[in-house]
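Visitor: One structure coming up, written as structure tokens, with questions to follow.
The values are calculated or read from the model by the stated rules, or taken from the named source; none is laboratory data. These numbers come from a predicted model, not from an experiment. With ideal geometry, Cβ positions are generated from the backbone for all residues, glycine too; neighbour counts draw on all protein chains shown.
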Amino acid sequence: MSDANSKNKYRPIRSFVRRQGRMTQLQERALAELWPRYGLEPADELLDLEQLFGRPAARILEIGFGMGDALAEMAQAQPDSDYLGIEVHRPGVGRLLARLAEQGSDNVRVFCHDAVDVLQRQIADESLDRVLLFFTDPWHKRRHHKRRIVRPEYVELIRTKLKPGGIFHMATDWQEYAEWMMEVMSDAESFENLAGVGQYSERPSYRPVTKFERRGQRLGHDVWDLLFKKV
Ligand SMILES: C[S@@+](CC[C@H](N)C(=O)[O-])C[C@H]1O[C@@H](n2cnc3c(N)ncnc32)[C@H](O)[C@@H]1O
């Protein structure tokens, strides 16, 4: 087997492609100046959330926060909760840091890395109250379905990181992905659909309308929220 083939064979299937989007000066500066305050580096040890935030509090993780507007808004609206955000898109991370500093939020910490890797290596079991996955890439072509983050092995990973009674909250504007999520979650062990079997939830008041959601609305898309409790 050629070297190139053997490399491909072992390359993990990611739920993202790194977009090349240009960084604005503000985002560059925010990353350089504010990373020490908000940023977390991937490592091979579990995060001690109590030590990190310096207090006991509800712990909420947003996977793939995009430009970070929803995360910043939630963190400001709920200063008594602590937030972890994970996103691979650097301009979005820069923008979030700028906004957090501007609004004076200290209850957020951020990884610029693959969320699956962070969950596997650094998040302790039963340490999260809520995991948020808003308008995650639908990977709508059939041959790309394997990239979808809502699939049984990742749902199980998220389940182990949630506290008993913790919530996994997904939202999407792609109907076929909503139905896929419903099927995967309904088959998953130890989760209860808060809206009742096979039903979608109303948007909870804590979830802001996100950038991708607004784009979907302009295209006439509906939105589906799914809230599942770990039982
Ligand atoms: C379609 S965008 C939605 C962004 C935002 N949640 C919103 O609603 O505006 C999905 C985001 O998830 C990020 N993403 C996908 N898989 C990820 C992963 N495994 N780790 C970190 N970020 C991921 C992508 O980089 C992208 O920015």
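Visitor: Looking at the range 93-110, which of the residues that are buried (at least 23 other Cβ atoms within 10 Å of the Cβ) and not in a helix (DSSP H, G or I) is nearest to the ligand (Cβ to nearest atom)?
Guide: Filtering the range 93-110 for residues that are buried (at least 23 other Cβ atoms within 10 Å of the Cβ) and not in a helix (DSSP H, G or I), the one nearest to the ligand (Cβ to nearest atom) comes out as VAL110.
Visitor: Given (1) within 15 Å of the ligand (Cβ to nearest atom); (2) at pLDDT 90 or above; (3) not in a loop (DSSP other than H, G, I, E, B), identify the lone condition not met by LYS229.
Guide: It fails just one condition, (1).
Visitor: Further, regarding this structure: Please go through the range 145-192 and give me each residue that is of a type in the set (D, E, K, R), at pLDDT 95 or above and touching a strand residue (DSSP E or B) at 6+ places or on another chain (Cβ under 9 Å), ordered by number.
Guide: ARG159, LYS161, LYS163, GLU179, GLU192 - these are the residues of the range 145-192 that are of a type in the set (D, E, K, R), at pLDDT 95 or above and touching a strand residue (DSSP E or B) at 6+ places or on another chain (Cβ under 9 Å).
Visitor: Here are some residues: GLN51, GLN103. Which one is without any contact (Cβ under 8 Å) to a residue 24 or more places away in the chain and more than 17 Å from LEU162 (Cβ to Cβ)? Break it down into steps so the answer makes sense when it comes.
Guide: Working: GLN103 fails: without any contact (Cβ under 8 Å) to a residue 24 or more places away in the chain.
Of the residues listed, the single one that is without any contact (Cβ under 8 Å) to a residue 24 or more places away in the chain and more than 17 Å from LEU162 (Cβ to Cβ) is GLN51.
Visitor: Let me ask something else about it. Count, please, the residues in the range 115-137 that happen to be surrounded by 19 or more Cβ atoms within 10 Å (Cβ to Cβ) and near the ligand (Cβ under 10 Å from one of its atoms).
Guide: 9
Visitor: Further question: Checking ASN193 against (1) within 14 Å of the chain's Cα centre (by Cα); (2) over 21 Å from ALA70 (Cα atoms), which single condition isn't satisfied?
Guide: Here ASN193 clears every test but (1).
Visitor: Mind checking which pairs have a first residue in the range 61-74 that is in contact (Cβ under 8 Å) with a residue 12 or more places away in the chain and a second that is among the acidic types (Asp, Glu) and within 6 Å of the ligand (Cβ to nearest atom), Cβ under 8 Å, 6 or more apart or different chains?
Guide: Correct list of pairs: GLY64/GLU87; GLY64/ASP137; PHE65/GLU87; GLY66/GLU87; GLY68/GLU87.
Visitor: Does MET170 fit the bill of being free of Cβ contacts under 8 Å to residues at least 60 places away in the same chain, more than 13 Å from the ligand (Cβ to nearest atom) and under 19 Å from the mean Cα position of the chain (by Cα)?
Guide: no
Visitor: Looking at the range 48-86, which of the residues that are within 16 Å of the ligand (Cβ to nearest atom), outside any strand (DSSP E or B) and out of contact with any Gly (no Cβ under 6 Å at 6 or more places or on another chain) is nearest to THR172 (Cα to Cα)?
Guide: GLY64
Visitor: Right, here's the next one. So is ARG90 touching a strand residue (DSSP E or B) at 6+ places or on another chain (Cβ under 8 Å), among the basic types (Lys, Arg) and in contact (Cβ under 8 Å) with a residue 24 or more places away in the chain or not?
Guide: When the stated conditions are applied, ARG90 does not pass them.
Visitor: A follow-up question, please. Could you tell me which of the residues ARG37, ARG19 is out of contact with any strand residue (DSSP E or B) (no Cβ under 8 Å at 6 or more places or on another chain), among the basic types (Lys, Arg), closer than 24 Å to ARG215 by Cα and surrounded by fewer than 18 Cβ atoms within 10 Å (Cβ to Cβ)?
Guide: Within the list ARG37, ARG19, the selection yields ARG19.
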